[in-house]
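The values are calculated or read from the model by the stated rules, or taken from the named source; none is laboratory data. Since the structure is predicted, the reported quantities are computational estimates derived from the model, not experimental observations. Note that each Cβ is placed from the backbone with ideal geometry, even for glycine, and that neighbours are counted across all protein chains shown.
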Amino acid sequence: MASFNIKFFTDIVLLESYYKSISREYGTHVAVSPHTPLLSNLNIIENIALIEEVHERYEREKSHANALEKLKKLNLQDLQTKRPSQCSDLELFSLSLIRASMMRYVTITVITPLVQYQSENSLEHLFKVLNILDVKERTIVLDLSLYENDYKDKGITCNIIR
Amino acid sequence: MTRVFEYLGEITLNFLSDVYEALRFSYLCITHLFLPNSYHPAMKSILIKQIYFTVIQILPSFLLLGFFFGSLIIGYVITLAINYELSNQIGSIIIGFVFNEFAPLFTAFLIALRSGAAVNTEIAVMQVSGELNALKEFNIGLIDYLFLPRIISGVISVVTLSLIFAMIMLVGGYLFSLLYMNMSLNTYMYTLFSSIEIENLLYLVGKSMAFGFVIMLIPIYSGLRTIKAFNAIPIAVLKGMVRLFIAIFIIEVLSLWLRLI
C-alpha cells in the first residue's frame with residue numbers, strides 16, 4: 001500500500017525555512033497551509049476550477065466538470081456554490097487539498113495539519129482525503145515534533161523522513 | 001543641520017524609489033497587456049465580471065446622475081455663452097466643453113470613487129488575508145489573473161461612460177438651447193455637427209483611456225503594498241485614493257497643456 005512522507009521539525013521557523021528551500025524550484029511544490037487560503041471572492045467550484053483554467057487552459061465548462069467530479073468523490077458537492085467563509089474548518093481543509101490535487105506533477109506539501117485544523121479526527125480525515133484523491137504518493141506532511149506521537153497513536157502508515 | 005539634510009535625503013530617496021517601483025509596475029502591466037498568453041479562460045471570466053461591475057451595474061445611476069448634473073452644467077454654459085454674446089460659437093463651446101473637458105473628468109471621478117476605492121480595498125484585503133500569496137503559490141500570475149482584467153475594464157468603462165455622458169450632456173444642451181434660444185432640433189444638430197471634429201473624439205477617447213488606466217493601476221499598486229495587518233487596510237486605501245486623485249489632476253493638467261501647445 002502506498003504511503004506518504006512526513007517530516008518533523010522542532011520548531012516552526014525550521015519548518016518554514018525547509019519549505020522555502022524545497023519550494024525554491026519554481027512549480028515543484030504546492031502548499032496546503034493557512035498561508036494559502038481559498039479565494040474569498042470566488043465560490044468553491046470556481047476556486048478549484050481556477051487551477052485548470054490557468055494551467056491547462058481549460059474552458060469553464062470542462063474545468064468546472066472536473067472540479068465537481070473531485071467534490072463528488074469527497075461528497076462535498078453541496079458546497080460548490082458556497083463561499084469559503086460559509087464552510088467549516090474541516091471542509092476548508094478538504095477543499096484546499098482538492099485544489100492542491102488539481103496541480104499536476106507537483107508535490108503537495110501539507111503544513112502543520114494539526115495546528116491548522118484542531119479537531120479530534122483531523123489526522124484521520126487528512127489521510128482519508130489523500131487516499132480518496134489518490135495523491136498520497138506525491139504528498140509530504142511537514143509538522144512539529146511535538147505532534148509525532150499523535151501520528152503514532154493513530155497508527156498511520158507513513159515514512160518519517162529524518 | 002546634518003540631520004535635516006539626512007531627513008530630506010531619506011525622503012527624496014524614498015520618493016524616487018516609490019516612483020521607480022510604480023513605473024516598473026506600470027511597465028510590467030502594459031507589457032502583459034500585449035502578451036497573448038495573458039488571456040487565459042480564468043482571466044477572460046474575471047474580465048467579463050469586471051466589465052459588468054464597472055460599466056453595466058453603474059449604468060442606471062450614472063444615466064440619472066448624468067442627465068440631471070450634465071444638463072444643469074451644460075445649461076449654465078449655454079446661458080453664459082448667451083450672456084457674453086457668443087451665441088454664434090455655441091456649437092464649438094458645447095463640443096469643446098463636453099468632449100474635451102467635462103465628460104472624461106466627471107466620469108473619471110465617478111469611477112475612481114466607486115471602482116477605484118473598491119479595487120484598492122479588494123487587493124489590500126487579499127494581501128493581508130494571504131490570498132495573493134495563495135495565488136503565487138499556485139503559480140497563478142497576479143498580473144494576468146487579477147490586475148489585467150481590472151485595468152482593461154477600467155479603460156473600457158471610462159471610455160464608454162465618457163461617451164455616454166457626452167451624449168447625455170448634448171441632449172441636455174438641446175433642451176436648454178430650445179428653452180433659451182428657441183433653437184430647433186435641426187439647427188442644434190447642424191451647429192453641433194459643424195463644430196465637431198475627429199480630434200474631439202480622439203481627445204476624449206485618449207484622455208479617458210489614460211484616466212481608466214490610472215484609476216485601476218494606482219489602487220492595485222497601493223493595495224499590493226499593504227503591510228500584513230488588517231488595520232493597514234484603511235491606510236492603504238486612503239493613500240491609494242489620494243495618489244489616484246493627484247494622478248487624475250496631473251493627467252487633466254497635461255491634457256490642457258497639450259491642447260495649448
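Within the range B:243-256, one or more residues are surrounded by 16 or more Cβ atoms within 10 Å (Cβ to Cβ), more than 25 Å from residue B:69 (Cα to Cα) and without any contact (Cβ under 8 Å) to a residue 60 or more places away in the chain.
The helices (runs of 4 or more DSSP H) found wholly in the range B:42-153 and carrying at least 3 residues that are within 14 Å of chain A (Cβ to nearest Cβ) occupy B:117-129, B:131-137. The listed residues are B:125, B:155, and the only one of them that is in the same structural domain as residue B:249 (by TED's automatic domain parsing) and farther than 18 Å from residue B:222 by Cα turns out to be B:155. Out of curiosity, is residue B:27 at pLDDT 90 or above, closer than 22 Å to residue B:211 by Cβ, out of contact with any strand residue (DSSP E or B) (no Cβ under 7 Å at 6 or more places or on another chain) and loosely packed, with under 11 Cβ neighbours inside 10 Å? Spelling it out, residue B:27 is indeed at pLDDT 90 or above, closer than 22 Å to residue B:211 by Cβ, out of contact with any strand residue (DSSP E or B) (no Cβ under 7 Å at 6 or more places or on another chain) and loosely packed, with under 11 Cβ neighbours inside 10 Å. Applying the selection to the range B:143-200, what residues are crowded, with 23+ Cβ neighbours inside 10 Å, of a type in the set (S, T, N, Q) and within 26 Å of the chain's Cα centre (by Cα)? Those that are crowded, with 23+ Cβ neighbours inside 10 Å, of a type in the set (S, T, N, Q) and within 26 Å of the chain's Cα centre (by Cα): B:153, B:157, B:162. When the range A:91-142 is filtered for residues that are farther than 22 Å from residue A:16 by Cα, aliphatic (A, V, I, L, M) and more than 11 Å from the chain's Cα centre (by Cα), only A:132 remains.
Away from chain A (no Cβ under 14 Å) and either polar (S, T, N, Q) or not in a helix (DSSP H, G or I) (or both): is that true of residue B:26 in this structure?
Working: away from chain A (no Cβ under 14 Å): yes; either polar (S, T, N, Q) or not in a helix (DSSP H, G or I) (or both): yes.
Judged against the criteria, residue B:26 is a match.
Restricting attention to the range B:217-232 and to residues that are β-branched (Val, Ile, Thr) and crowded, with 19+ Cβ neighbours inside 10 Å, the residue that is farthest from residue B:201 (Cα to Cα) turns out to be B:226.
Regarding the range A:128-135, can at least one residue be identified that is at pLDDT below 80 and surrounded by fewer than 19 Cβ atoms within 10 Å (Cβ to Cβ)?
To start, the set of residues in the range A:128-135 that are at pLDDT below 80 comprises none.
Within the range A:128-135 (the criterion being at pLDDT below 80 and surrounded by fewer than 19 Cβ atoms within 10 Å (Cβ to Cβ)), the answer is no, since none of the residues qualifies.
Of everything in the range B:18-47 that is under 25 Å from the mean Cα position of the chain (by Cα) and of a type in the set (S, T, N, Q), the residue that is nearest to residue B:217 (Cα to Cα) is B:26.
When you scan the range A:54-65, how many residues do you find that are farther than 23 Å from residue B:130 by Cβ and crowded, with 18+ Cβ neighbours inside 10 Å? Total meeting the criteria: 3.
Quick one: is residue B:107 in contact with a Phe, Trp or Tyr (Cβ under 7 Å, 6 or more places away or on another chain), among the polar types (S, T, N, Q) and assigned by TED's automatic domain parsing to the domain that holds residue B:254?
Criteria met by residue B:107.
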